[in-house]
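What follows is a short report on a single structure.
The values are calculated or read from the model by the stated rules, or taken from the named source; none is laboratory data. None of these values were measured; they are calculated from a predicted model. Note that we place each Cβ from the backbone using ideal geometry, even for glycine, and neighbour counts take in every protein chain shown. When the accessible area is computed, the model is the full protein with side chains, heavy atoms only, and any ligands, DNA or RNA have been set aside. Shrake-Rupley method; radii C 1.70, N 1.55, O 1.52, S 1.80 Å.
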Amino acid sequence: MITDFTPFASLFGGILIGLSAVILMAFNGRIAGMTAMLGGVLEPQNPDGFWRLAFLAGAIAAPLIATLLGAEFSFASPTTGVVLAIGGVIVGVGVTYGSGCTSGHGVCGLARLSPRSLVATLTFMATTFATVTLIRHGFGG
Amino acid sequence: MKRILSALAAGLVFGLGIALSGMGNPAKVLNFFDPLGTWDPSLAFVMGGALAVTAIGYRVIFGRRQAPMFDAKFHLPTARTIDVKLIGGSALFGVGWGIAGFCPGGAIPALGFAPWPTALFLISMGGGILIARWLQALPRKMIA
């Protein structure tokens, strides 16, 4: 499935993602890592967890409101539901053991020049590339 | 309350950024990792933009302040060890990302503009997080 190359929208979106990380650090002193964010929500006994819920609510609400106002975001999931669910479980296990994902390691961690995050990011970028290549082109590449 | 409002504001900006960037669109994400096929290099611009702004922003914040505006201290990760857990977990995350086309930060905002099948992914991912926690707790239980 071909998707349009969108350098400007993607760069602008990326700048907003960075701005969000800067806001959360400047005001709350927190890393904008989605693994930790979700982990905190799955731990209801944590008394300091409300800010995480607020962040997640905002993250869902912004595109929802934009859609209601007439914005359209392109979306296509090329996999079947079963495959998507299997991928979801693997992502959940992986980010828990790896202590982070694209946002925590790939953006916030690299921005702090964390060696752990550099190793994590290089590792998951490599295995994602390998997985997509294997699924789409087979063992021969 | 202040902390909740600033987190909400950061979340709104994050959600809009993900939706505009294409990071919440599995087809686009998977194409980024397919230079041999239907390659779409857009995500390099997402990562580049996000990383540049965050790196500069963090430098300014840490250079000027001893603490954030609404808290007594910065809560920064303290782990330093690069071990099998970090590498194995990250490798596994990449496999899942390559299968589904969703990473956690891409999927959460996608719930706002493509509730299905995003919800299926997020529920499965929540299951994966709980499975991993249960596995991580096992050795300690067995010792006790």
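Separation of the range A:1-41 from the range B:1-41 is 6 Å, based on Cα centroids.
Each part reduced to its alpha carbon centroid, the range B:58-84 and the range A:72-141 end up 25 Å apart. Contact order, relative form, for chain A: 25 percent (alpha carbon pairs under 8 Å, 6 or more residues apart, mean separation divided by residue count).
Partners of B:K28 within straight-line reach, counting aspartates and glutamates whose Cα lies under 16 Å from its Cα and excluding those fewer than 8 residues away in the same chain: A:D4, A:E72, B:D40.
If you take all other residues with their beta carbon under 15 Å from the beta carbon of A:A59, and give Lys and Arg +1 and Asp and Glu -1, the sum is +2. Summing +1 for each Lys or Arg and -1 for each Asp or Glu among the other residues whose beta-carbon sits under 14 angstrom from that of A:M1 gives -1. Please work out the average accessible area per residue across chain B, using the 1.4 Å probe convention, and give it in Å². Per-residue value: 46 Å². For chain A, the Cβ-based charge dipole about the Cα centre amounts to some 280 debye (Lys, Arg positive; Asp, Glu negative; other atoms uncharged). Straight-distance candidates among the aspartates and glutamates for linking to B:K73, with alpha-carbon spacing under 20 Å and chain neighbours fewer than 8 residues away dropped: A:D48. The coefficient of translational diffusion for chain A, derived via Stokes-Einstein from the alpha carbon Kirkwood radius under 25 °C and 0.890 mPa s, stands at 141 µm²/s.
Neighbours of B:L51 by Cβ distance under 15 Å: Lys/Arg scored +1, Asp/Glu scored -1, total +2. Loop-located trypsin sites (Lys or Arg not before Pro) across the range B:28-80 with a Cβ neighbour count of 16 or fewer within 10 Å are B:R65, B:K73, B:R80, with loop assigned by DSSP. Using a probe radius of 1.4 angstrom, the carbon and sulfur fraction of the accessible surface of the range B:2-143 is 72%. In the context of the full set of protein chains, residues of chain A present 44 Å² of accessible surface per residue (probe radius 1.4 Å, heavy atoms only). When +1 charges are put on Lys and Arg Cβ atoms and -1 charges on Asp and Glu Cβ atoms, the dipole computed for the protein assembly as shown relative to its Cα centre reaches about 960 debye.
Placing unit charges on the Cβ atoms of the charged side chains and taking the dipole of chain B about its Cα centre, the candidate lying farthest along the positive direction among B:G57, B:G22, B:F32 is B:G57.
When the solvent-accessible area of the range A:44-141 is split by element, carbon and sulfur atoms take up 72 percent of it, the probe being 1.4 Å.
Summing Cβ point charges (Lys, Arg +1; Asp, Glu -1) relative to the Cα centre of the range B:2-143 gives a dipole of roughly 760 debye.
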